[in-house]
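K.L.:
Below is one structure. I have some questions about it.
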Amino acid sequence: MSVAPMVRSKPRAMAVVVAPTAAAGAPPPPAPVNALLRAGVLKFLQWFVPPVLGMALFVFLWAAVASHSDLPGPLKTWDSAMQVFSHPFYRNGPNDQGIGWNVLRSLARVAMGFSAAALVGIPLGFLIGYFGFINRMMSPIISILRPVSPLAWLPIGLYVFKEAQPAAIWVIFISSLWPMVLNTAAGVSQVPADYLNVARVLNLSPWKLFSRILLPAVMPYMLTGVRLSVGVAWLVIVAAEMLTGGVGIGFWVWDEWNNLNVEHIIIAVFVVGVIGLLLEQAILLVARRFRY
């Protein structure tokens, strides 16, 4: 019996399709342009629409109140504002000057009073926060003087300095002093004890202790105090100038009231608010430049 030889068939190669894989560490594919555009538009609307709606509601309520009273409405105030800001730097005498000169004079007073308060308040805050004896010594003085109304200091300034200009600067100084003192002292008291212990172990000099440990840790508190003090100084100058006279935004408001020009008073209110907002944003911009 013959046996037929077995013939081995060659295995056929199987085609294997391998899906391409993303290389390790390769960046993800870019998002579609339309999706990015929609996200950008949505983000812009979320930033832009709420303030516009708020201002529109404010103007609507203002117009509604003005329609039922003698208060000037938005359109009438806008027309007066166009006239005021068309010549902001005119001069017709010592007591008749444009709003631009009045704002500049007020800012100059605020700068002088605030700078003096910073030169005194920030170092005093460091001393109060670092030395317990000075803290206990100054605590009753600050507790008594801090709640005093800013305008209560004006007669003392007029009596001591005999002139309105230094008296107004004195009121700004004493009013904006306390936020910087208290916030700086609070920041120093919050410095971790481990930082101070390391400084003692390393035998750091007083200057290195201040510049390397205390100042970076206290900076957020100190800038918060500066921000509050700027707002207080700008609030106080308007009231002080109403009483002292001369050139300034507060005197301009009082002079317009004597002339029964209510539109100009409303304009001055907005000018004071806008300048206060700009001062606060300037402090925030400076704060962002620091790295804690």
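The values are calculated or read from the model by the stated rules, or taken from the named source; none is laboratory data. Just so it is clear, the structure is predicted and the values come from calculations on it, not from any experiment. Here Cβ is always computed from backbone atoms with ideal geometry, including for glycine, and neighbour counts include all displayed protein chains. Just so you know, the surface numbers come from the protein's heavy atoms only, side chains and all, with ligands and any DNA or RNA stripped out. Shrake-Rupley method; radii C 1.70, N 1.55, O 1.52, S 1.80 Å.
K.L.:
In the chain, what percent of the accessible surface is made up of carbon and sulfur (1.4 Å probe, ligands and nucleic acids excluded)?
P.N.:
Here carbon and sulfur together make up 70 percent of the probe-accessible area.
K.L.:
A further question on this structure: Work out the length of the dipole vector of the chain about its Cα centre, built from +1 on the beta-carbon of each Lys and Arg and -1 on the beta-carbon of each Asp and Glu, and round it to the nearest 20 debye.
P.N.:
That gives a dipole near 2020 debye.
K.L.:
Which of Ala152, Ala108, Ala185 moves the most in a Gaussian network model of the chain with Cα springs under 10 Å?
P.N.:
Ala152
K.L.:
Using a Gaussian network model on the chain with a 10 Å cutoff between Cα atoms, which of Val262, Val238, Val41 fluctuates the most?
P.N.:
In the Gaussian network model the winner is Val41.
K.L.:
A further question on this structure: Does anyone have the angle between helix 99-130 and the longest principal axis of the chain? Alpha-carbon axes, 0 to 90°, nearest 10?
P.N.:
The angle comes out at about 70 degrees.
K.L.:
Taking +1 at the Cβ of each Lys and Arg and -1 at the Cβ of each Asp and Glu, which of Leu182, Gln46, Leu260 sits farthest along the dipole of the chain towards its positive end, judged by Cα position relative to the Cα centre?
P.N.:
With unit charges placed on the Cβ atoms, the residue in question is Gln46.
K.L.:
Translational diffusion coefficient of the chain at 4 °C, 1.567 mPa s, Stokes-Einstein with Kirkwood Rh over Cα pairs, in µm²/s as a whole number.
P.N.:
52
K.L.:
Subtract the Cα-Cα distance of Leu196 and Ala282 from 0.36 nm times their separation in residues, and report this length gain in nm to one decimal.
P.N.:
Result for the pair: 27.7 nm of gain on full extension.
K.L.:
I'd like the distance between the alpha-carbon centres of the stretch 154-176 and the stretch 70-139, rounded to an integer number of Å.
P.N.:
The distance from the Cα centre of the stretch 154-176 to that of the stretch 70-139 comes to 14 Å.
K.L.:
Which whole-number value in Å² is the accessible area per residue of the stretch 89-193, probe 1.4 Å?
P.N.:
Details: 5460 Å² over 105 residues.
Per residue, the stretch 89-193 has an accessible area of 52 Å².
K.L.:
Let me ask you something else. Explain nothing, just compute: Karplus ³J(HN,Hα) = 6.51 cos²θ - 1.76 cosθ + 1.60, θ = phi - 60°, for every residue of the stretch 210-223 in order, whole Hz, x for Gly and Pro.
P.N.:
Each residue's phi maps through the Karplus curve to give 6, 7, 9, 10, 5, 4, x, 6, 8, 3, x, 5, 5, 5 Hz.
K.L.:
Separate question: Within the stretch 121-211, which trypsin sites (Lys or Arg not before Pro) sit in a loop by DSSP and count at most 16 neighbouring Cβ atoms inside 10 Å?
P.N.:
For trypsin sites (Lys or Arg not before Pro) across the stretch 121-211 that sit outside H, G, I, E and B with at most 16 neighbouring Cβ atoms in 10 Å, the list reads Lys162.
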